[in-house]
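Here the structure is laid out as structure tokens; the discussion comes afterwards.
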Amino acid sequence: MKLPWRVILLWTLPILVVGFFLWQGTFSPNAADLSGNNTANTRLSYGRFLEYLESDRVQAVDLYDNGRTAIVEASDPQLSGSVQRYRVDLPENSPELVSKMRKSGVEIDSHDSGDNGAIWGLLGNLIFPVLLIGALFFLFRRSNNAGGGPGQAMNFGKSRARFQMEAKTGILFDDVAGVDEAKEELQEVVTFLKQPERFTAVGAKIPKGALLIGPPGTGKTLMAKAIAGEAGVPFFSISGSEFVEMFVGVGASRVRDLFKKAKENAPCLIFIDEIDAVGRQRGAGIGGGNDEREQTLNQLLTEMDGFEGNTGIIIIAATNRPDVLDTALLRPGRFDRQISVDAPDVKGRVSILNVHARNKKLSPDVSLESIARRTPGFTGADLANLLNEAAILTARRRKDAITLSEIDDAVDRVVAGMEGTPLVDSKSKRLIAYHEVGHAIIGTLVKEHDPVQKVTLIPRGQAQGLTWFTPSEEQTLVSRSQLKARITGALGGRAAEEEVFGDAEVTSGAGGDLQQLTAMARQMVTRFGMSDLGPMSLESQNSEVFLGGGLMNRSEYSEEIASRIDAQVREIVEQCHQNARQIIRDNRVAIDRLVDLLIEKETIDGDEFRQILSEYTEIPEKEQYAPQLQS
């Protein structure tokens with residue numbers, strides 16, 4: 001196995017350090033001069049050496065290290081006078097010692113250390129720093145070339161965009177469905193890159209940029225991958241957050257480097273995902289904005305449509321927060337096209353389901369059109385997740401193909417959460433049953449309300465019971481009567497608790513319902529002009545998203561109007577509440593029967609619910625379309 005060069009280098013440096021110190025120890029003067037006297041392992045103190053010298057026991061002395069160390073041959077009285085070799089450390093500047101040894105007849109031999117030790121020591125002191133500096137230089141150089149590792153500090157100003165000469169994303173326009181208008185706009189961009197002469201012949205100029213705007217999961221990044229796969233030109237992709245660093249000027253430097261590389265490879269595409277990370281409005285919030293981010297945005301604005309221009313470079317950007325972008329970024333000449341990528345309609349959802357069902361085994365009784373009608377508001381990512389959850393349930397149940405049962409359970413799981421443990425038969429279960437039947441009976445008997453699709457006592461997520469409603473059509477406009485019907489339906493659960501168990505037994509189960517209906521009633525008064533205050537919009541739809549924005553907003557109406565708004569909201573809610581209680585009182589017998597059946601079966605579908613209720617009262621006719629949820 002071939003080891004990476006960084007691992008080899010990291011192991012080599014400690015070895016060089018240890019080798020240096022061993023070198024120093026091996027080739028020091030002392031070691032060199034005393035290498036031939038390894039038998040002199042016994043040390044003798046200087047005082048004992050003088051005693052031996054006075055008693056004539058010393059026979060020979062070899063001086064080393066300029067007279068600072070001596071190897072002494074002396075007879076040891078404890079060993080019957082046998083001659084032993086000792087090592088003695090001598091004091092400096094002791095000429096009288098040599099005189100004493102000569103008077104005692106001791107053989108004296110002096111060993112000159114010469115320059116070999118000094119040369120080896122000098123080489124050791126020079127070689128190690130040179131090797132260390134060379135290794136560090138090699139490390140930084142390789143890191144800079146690779147664009148990572150410890151040498152990344154040298155590369156802060158370089159663009160981190162992923163570059164592909166011909167992006168092989170595996171995604172083409174045929175794989176993108178449900179956003180036909182956006183796809184048509186972007187197909188023109190690809191044609192501009194492939195066949196520019198078709199447009200330049202009539203005086204058309206290539207667009208500078210296209211901004212994809214839409215909620216999360218609608219396929220903005222998928223569209224960019226399809227453009228890269230179809231265009232066949234160099235493709236740069238980067239996230240807006242990768243421009244901004246804690247170091248001043250780094251973001252602007254990366255923008256310059258990105259466009260420099262793009263100009264070298266023009267014509268080409270640049271895709272900036274989540275551009276709101278760098279393109280926010282300048283000077284917003286308390287005390288101004290982030291100077292580093294604003295410098296980065298200024299450089300981006302200059303590169304997109306500055307003095308020099310960038311012919312042949314098309315920028316595709318994506319965001320789900322266009323309201324926070326700087327106005328200079330959105331003007332023609334920078335982002336010439338702003339393409340809305342919204343949640344698909346029924347036809348679009350069918351197309352998306354066809355794309356994601358290609359590699360899945362579906363039972364013949366599964367209709368993709370019926371699934372599309374049951375999933376209003378689902379984005380492409382939601383539909384992909386829905387089919388994937390259905391496939392997982394199919395594998396868990398050991399089936400060969402996805403059936404309607406798995407589709408139904410997958411829809412419930414995606415919308416409402418994971419299925420919980422059913423409640424045991426108790427007072428709490430009966431109270432929840434009355435609550436859910438209260439929602440369902442209001443939705444069935446109020447003509448303007450969406451019809452019931454299913455009532456269940458099986459817990460999902462935080463809800464102990466659920467009631468599904470099916471709108472008659474995909475609504476973009478909602479009338480006053482429909483809003484009041486929805487408020488009445490949301491109050492059905494609380495009204496059933498009050499009528500059946502009394503005010504003292506009212507529970508917190510209607511907390512989420514009350515939040516929803518209060519918001520709807522307030523919007524009727526302040527935004528839609530559906531109250532006695534008249535056709536006035538008293539609150540802005542756009543909320544301030546910047547730090548400190550809420551502190552600086554002043555009220556758009558007087559305190560008198562505020563009290564009248566509260567009174568109108570209270571009046572709408574109270575009127576709907578009384579209607580809901582009256583419907584519960586008038587149909588108490590049917591409610592009791594439906595509750596007993598719901599406790600027994602735990603789930604009642606809409607057709608069975610309406611059939612039983614029709615035995616007690618007349619039901620207005622409604623069209624069924626796609627499910628919604630009421631807990």
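Given a cut-off of under 8 Å on Cα pairs at least six residues apart, what relative contact order in percent is computed for the stretch 162-340? The partial results should precede the final answer.
Details: 307 pairs, mean separation 57.0, N = 179.
Once normalised by length, the contact order is 32 percent.
Mean projection of the alpha-carbon convex hull of the stretch 382-485 over all orientations, in nm²?
Numbers: hull surface 33.3 nm².
Average of the hull's projected areas for the stretch 382-485 equals 8.3 nm².
Along the Cα→Cβ direction, 7 angstrom out, place labels at A381 and E92. What is the inter-label distance in nm?
Distance between label points: 7.8 nm.
Regarding the stretch 427-630, what is the average projected area of its C-alpha convex hull, in nm²?
With every direction weighted equally, the projected area is 13.2 nm².
Just the Cα atoms of the stretch 346-416, one point each, no solvent: what log10 I(q)/I(0) does Debye give at q = 0.28 Å⁻¹?
-1.50
In terms of Cα to Cα distance under 19 Å, which aspartates and glutamates are near enough to K205, apart from those fewer than 8 places away along the same chain?
Answer for K205, where 19 Å is the Cα cut-off: E184, E185, E188, E197, E303, D305, E308, D336, listed by chain and number.
May I ask which of K360/K399; K225/K361; K208/K261; K194/K225 have a Cα-Cα span longer than 23 Å here? Write out the running numbers ahead of the final one.
Numbers: K360/K399 13 Å; K225/K361 27 Å; K208/K261 17 Å; K194/K225 17 Å.
In this structure, K225/K361 exceed 23 Å between Cα atoms.
Could you calculate, for the stretch 420-534, the ratio of the Cα radius of gyration to the Kirkwood radius, expressed as Rg to Rh?
Numbers: Rg = 15.2 Å, Rh = 15.1 Å.
Here Rg/Rh amounts to 1.01.
Stretched out fully, how many nm does the piece from R570 to E264 gain, at 0.36 nm a residue minus the Cα gap?
On the way: separation 306, 0.36 × 306 = 110.16 nm, distance 6.56 nm.
Computed gain between R570 and E264 is 103.6 nm.
Give the lysines reachable from K484 as a straight Cα distance under 26 Å; neighbours fewer than 8 places away on the same chain don't count.
K447, K454, K622
Take the alpha carbon atoms of the stretch 408-437, find their center, do the same for the stretch 226-271, and report the distance between the two centers in whole angstrom.
Between the Cα centre of the stretch 408-437 and that of the stretch 226-271, the gap is 50 Å.
Average projected area of the Cα convex hull of the stretch 162-340, in nm²?
Working: hull surface 41.8 nm².
Hull-based average projected area comes out at 10.4 nm².
Every number in this text was worked out from the coordinates using simple rules, so none of it is lab data. Since the structure is predicted, the reported quantities are computational estimates derived from the model, not experimental observations. Positions of Cβ are generated from backbone atoms using ideal geometry, with glycine treated the same way; all protein chains shown enter the neighbour counts.
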